[in-house]
Amino acid sequence: MGEKTVPNSIKFLIGGTSGMAATCFVQPLDLVKNRMQLSGGKTSTASVISSILKNEGIFAMYNGLSAGLLRQATYTTTRLGIYTWAFEIASKDGPPSFLTKAALGMFAGCIGAFVGTPAEVALIRMTSDGRLPLAERRNYKHVIDALCRITKEEGVFTLWRGAIPTMGRAMVVNAAQLASYSQAKQALLDTGYFEENITLHFVSSMISGLVTTAASMPVDIAKTRIQNMKTVDGKPEYKGAVDVLIKVVRNEGLFALWKGFIPYWGRLGPHTVLTFIFLEQMTSAYKTYAA
């Protein structure tokens, strides 16, 4: 008998569920990263965490979790589902080349990011709310409340505010992850100290996360500020992603484009590892008990 196969619909479901499970572990790092990117001055990971614990309590570290879960349910499900579907088509005449894989990853990431932008906007706002004065806080109860209020108070198109830099970031992230992960994995195997197991996957993911973080953070900070900006007297705070980058460099310095680097890297690496661990385990369980 041939190897048991998993239907595409189940692949979509497993992909989204694995991303949601991983988010439950790394949500605090996402919150810290967003707070650091939105701060106008110098800050550090330790000072942000200390401030949150002191002023908002330990449970505030999970503010925006519902939005983070919805983001994975939309973005990751779409991204992994489209990539799997496109990869199977590209593999009909033999294994696709590395550049083809990278292109498929960028395409899937771009579409997934567009679908996930509303949840991303809600996530940015919910994780950053605690840093605002009490009178200026939006106080969304959960992600559904956030999406409904944004639509009612600011219009439905606000849900896709920052969609272009979000899609650009997703393309950079997917391309960088594919290239750096495969290269790091091969280099580690060539040393003779590693073999194909979870240790290799973890170290490769952390190296990949370092490269991906450095490449994508300027786009990420532009996305974060656009999605959290307010309109005063009919004028938005920023005109677009380029305007954000120019103002950040001019007012805060060049290295402010990588503000929140440590929590972002700390989130990206483990999230990738956990996502694929859950993905492999759920796929294996499906083949064993359901296929």
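Sum -39500 (n - 2.57) across every DSSP H segment of at least 4 residues in the chain, then divide by the residue count to get the 222 nm mean residue ellipticity, nearest 500.
On the way: 10 runs with 207 residues, N = 291.
Helix contribution divided over all residues of the chain: -24500 deg cm²/dmol.
Sorted from fewest to most neighbouring beta carbons within 10 Å, what does the list ASP233, ASP129 look like?
Fewest-to-most ranking of ASP233, ASP129: ASP233, ASP129.
Kindly provide the trypsin sites (Lys or Arg not before Pro) of region 104-173 that DSSP labels as loop, not H, G, I, E or B, and whose Cβ sees at most 11 other Cβ atoms within 10 Å. Numbers along the way, then the final one.
Details: sites: ARG125, ARG131, ARG137, ARG138, LYS141, ARG149, LYS152, ARG161, ARG169; in loops: ARG137, ARG138, LYS141, ARG161.
Filter output for region 104-173: LYS141.
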Checklist entry - Taking 0.36 nm per residue of separation and subtracting the Cα-Cα distance, what length does fully extending SER182 through ILE246 add? => result 19.7 nm
Checklist entry - Relative to the longest principal Cα axis of the chain, at what angle does helix 77-90 sit, 0 to 90 degrees, rounded to 10? => result 40 degrees
Item to check | the chain: angle of helix 241-252 to the longest principal axis, Cα-based, in degrees nearest 10 | outcome: 60 degrees
Checklist entry - With labels modelled as points extended 7 Å from the Cα through the Cβ direction, what inter-label distance (nm, one decimal) is found for LYS42 paired with SER9? => result 5.7 nm
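Hey, fewest Cβ within 10 Å first, where do VAL219, VAL232 land in order? Provide the component values of the computation, followed by the final result.
Values: VAL219 23, VAL232 8.
Fewest-to-most ranking of VAL219, VAL232: VAL232, VAL219.
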Item to check | Distance between modelled label sites at LYS235 and TYR62, nm, 7 Å Cα→Cβ extension | outcome: 4.3 nm
Checklist entry - Label point 7 Å out from THR84 along Cα-to-Cβ: which residues of region 273-291 have amide N under 16 Å? => result 275-291
Checklist entry - Once both axes come from the Cα atoms, what is the angle between helix 261-289 and the longest principal axis of the chain, in degrees from 0 to 90, rounded to 10? => result 40 degrees
Checklist entry - Could you name the lysines in cross-link range of LYS239, using Cα to Cα under 25 Å and dropping any fewer than eight places away on the same chain? => result LYS33, LYS42, LYS152, LYS223, LYS230, LYS247, LYS259
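Bear in mind that the values in this text are calculations on the coordinates, not laboratory data. Just so it is clear, the model here is predicted, and its values are computed rather than measured. Positions of Cβ are generated from backbone atoms using ideal geometry, with glycine treated the same way; all protein chains shown enter the neighbour counts.
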